[in-house]
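This report concerns only the one structure given below.
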Amino acid sequence: MTISKSFDYIRGRFILAATIIGAGMVYLDGTIITVALEPIREEFTASVTDLQWLLDIYLLFLTVPILMAGSLSDRYGRKRLFNIGLIGFTLASAACGSAWSMDQLNIARAFQGAFGGMMLPGSLAILNATFPPNVRGKTVGTWSAFTALTTAIGPILGGWLVDFSSWRAAFYINVPLGLMALALSLKYIPESWSDTAPEKQDWLGIGLVTAGLAFLMYSLIEGPVHKWSDPLYSYTAFAGIAFLVAFIIVETKITNPMIPVELFKYRVFTGITILTLVLYFAMSGVFFFIPLLLQQTHDFSATRTGVLLLPLIILLFVLSRWSGAFADKSGPRQLLIVGPIMIALGLFLSMIPGTEVKSVFGLMKDWTPQSRTFMSFLPATVIFGFGLGLTVAPLTTVALAAVPRDMSGLASGFSNAVSRVATILAVAILGAVMVTQFTNSFQENIEGLPLSEQDFIYLEAERFKLGGAKPPQGLSEELTNQLQYAIDSAFVDGFRMMMALCGFLALISALVTVTMIENKVVSHDDSFSPNELEIPTTPHF
């Protein structure tokens, strides 16, 4: 469908607003949930396994539809797919807010992810199809800036909603936003589609990659809970790997693959894929474990947790524009070395604070424990944010530069999907390692304490709450304090191990840049095509 050349710019502002609100809801839910994890755990007496599912099931069902929704919207109507995704995401958000169990919440989160993945590609495709070339680049830049802003305000907005209302408000806020975007879409967005969109979709590939990731998630999240005693978890792990191998084979055989293997004929693209996978895996631990540590061990409110994370997102927002321009002008290689090294340094610095932070040389002597902890973690957050801001934009630049221009959209979209898959795997794998380390440290910490067999049985079940575990009732005050210290110390031990592992992986990603990434400068022109315009690679934790 061809859009009229006499473009109404006032109407265009409403079209842009609808797409920003729709996409912003998806990005907002990617970060707002981090500060709501502990309140959700408390209300449902949930384990760390339940929280892993809460994050991973959303990401899984968000990632897979993105790989196919773009071509579906081109064929069946961009406005139609966008509206379906918008309606579904809004209803699923309402279901999340009204959930009365973790199972219901996780099911609603799956629907949230699926409809969000349907909506995201359509939001950019609508802009590309609707706006004339002379303002299209500026329009997409505005879209990117505002969706990044929603990511930035997620932790602080989520913290405020949790503290002054409920974690449920973090989901209910999507309802008025969704209705507003839907009203704008129905009134102002014209329908458009592509006459060259492929008739056949890679449904087999979609099914195989979904099954593979789902089986791996199940085995990695549930296996440690049962100490791998049931062979079912080993079988599901092997099944997941088998499905993913079958997916790779299928992609090499079919006519219209979801991920063309020709992409990996380019050495730099293979390098950027490895870099993205390793680095996003390393970064994901921050957004999952730091909020839990701060709220469980250091008694932070959700708002204070959000404020501590805010510099990280602000630096990403501020520096991404500069780092993207620098990569365009001078090449991305330097940034993709320095950025991951700074990320690693931030991760290592986060290991320093212990169960309590004491004043140093008289500094912070009269401060509250939460204020001392806040200032202890702040340098790590700022340095991590600097590294993130230097790295994210060049990742997209390299993905675009690594392949011929007619494949740049596929490359960008695939890199985006890899970042999400890395987060899925990180939450599952790091959670399993954390539970194991926490259990070992906790058992060492309580050796010799006068506990009954019933107390040990109770604590065995509590360990899956990590720092949220509570001592049994009826114990003496001294023994209760000893157990609470053992819990806090075990969580700090596990957290330090996670940050050390993630910091090491961040350094590995810098090494990947040194060995595989060329310092190629990308040349851009003023035109866009629907096949080249993809969702920017931004953090999705």
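Structure data summary
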item	result
The range 486-522 - residue that is under 28 Å from residue 324 (Cα atoms) and out of contact with any helix residue (DSSP H, G or I) (no Cβ under 6 Å at 6 or more places or on another chain) and, of those, surrounded by the fewest Cβ atoms within 10 Å (Cβ to Cβ)	515
Scan of the range 303-347 for residues that are over 21 Å from the mean Cα position of the chain (by Cα) and either of a type in the set (D, E, K, R) or at positive phi (or both), ordered by number	328, 329, 331, 333
Within the range 8-19, tally of residues that are surrounded by fewer than 22 Cβ atoms within 10 Å (Cβ to Cβ) and either part of a helix (DSSP H, G or I) or touching a helix residue (DSSP H, G or I) at 6+ places or on another chain (Cβ under 8 Å) (or both)	7
Per-region count, the range 424-470, residues β-branched (Val, Ile, Thr), out of contact with any Asp or Glu (no Cβ under 8 Å at 6 or more places or on another chain) and assigned to a helix (DSSP H, G or I)	6
Unmet criterion (only one of (1) of a type in the set (Gly, Ala, Ser); (2) part of a helix (DSSP H, G or I); (3) free of Cβ contacts under 8 Å to residues at least 12 places away in the same chain) for residue 474	(2)
Criterion (surrounded by fewer than 24 Cβ atoms within 10 Å (Cβ to Cβ) and under 30 Å from residue 64 (Cα atoms)) met by exactly one of 425, 479, 475	425
Matching option when the condition is in contact with a helix residue (DSSP H, G or I) (Cβ under 9 Å, 6 or more places away or on another chain) and either farther than 21 Å from residue 213 by Cβ or at pLDDT 90 or above (or both), among 33, 87	87
Among (1) over 23 Å from the mean Cα position of the chain (by Cα); (2) farther than 25 Å from residue 39 by Cβ, the one test that residue 438 misses	(2)
Any chance residue 144 is crowded, with 22+ Cβ neighbours inside 10 Å and either among the small types (Gly, Ala, Ser) or modelled with pLDDT of 90 or more (or both)	no
From the options 264, 215, residue that is more than 23 Å from residue 427 (Cβ to Cβ) and either assigned to a helix (DSSP H, G or I) or touching a Lys or Arg at 6+ places or on another chain (Cβ under 8 Å) (or both)	264
Residue satisfying all of: in the range 511-528; in contact with a Gly (Cβ under 8 Å, 6 or more places away or on another chain) and not charged (D, E, K, R); modelled with the lowest pLDDT among these	528
Residues satisfying the stated conditions in the range 218-254, i.e. of a type outside the set (Gly, Ala, Ser) and part of a loop (DSSP other than H, G, I, E, B)	227, 228, 230, 254
Pairs, first acidic (Asp, Glu) in the range 434-455, second surrounded by fewer than 18 Cβ atoms within 10 Å (Cβ to Cβ) and not in a helix (DSSP H, G or I), C-beta under 7 Å, six or more apart	455/472
Members of the range 291-347 found to be aliphatic (A, V, I, L, M), within 28 Å of residue 268 (Cβ to Cβ) and buried (at least 24 other Cβ atoms within 10 Å of the Cβ), listed by number	316, 327, 335, 336, 343, 344, 347
Residue among 54, 62 that is at pLDDT 85 or above, surrounded by fewer than 24 Cβ atoms within 10 Å (Cβ to Cβ) and among the hydrophobic types (A, V, I, L, M, F, W, C)	54
The range 172-207, subset under 22 Å from the mean Cα position of the chain (by Cα) and either modelled with pLDDT of 90 or more or assigned by TED's automatic domain parsing to the domain that holds residue 161 (or both), residue surrounded by the most Cβ atoms within 10 Å (Cβ to Cβ)	174
Conditions (1) farther than 24 Å from residue 209 by Cα; (2) surrounded by fewer than 18 Cβ atoms within 10 Å (Cβ to Cβ); number of the one not met by residue 103	(1)
Number of positions in the range 37-47 that are in contact with a Phe, Trp or Tyr (Cβ under 6 Å, 6 or more places away or on another chain) and either over 20 Å from residue 470 (Cα atoms) or buried (at least 24 other Cβ atoms within 10 Å of the Cβ) (or both)	0
Answer from 90, 151, 142, 147 - the residue that is assigned by TED's automatic domain parsing to the domain that holds residue 64, under 22 Å from residue 191 (Cβ atoms) and not acidic (Asp, Glu)	90
Residue list for the range 270-290, restricted to those being buried (at least 24 other Cβ atoms within 10 Å of the Cβ) and over 17 Å from the mean Cα position of the chain (by Cα)	272
Some residue of the range 233-241 being surrounded by 24 or more Cβ atoms within 10 Å (Cβ to Cβ) and either more than 30 Å from residue 487 (Cα to Cα) or of a type in the set (Ser, Thr, Tyr) (or both)	no
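The values are calculated or read from the model by the stated rules, or taken from the named source; none is laboratory data. Note that this is a predicted model, so its numbers are computed, not measured. Reconstructed Cβ throughout: ideal geometry from the backbone, glycine too, with neighbour counts over all protein chains shown.
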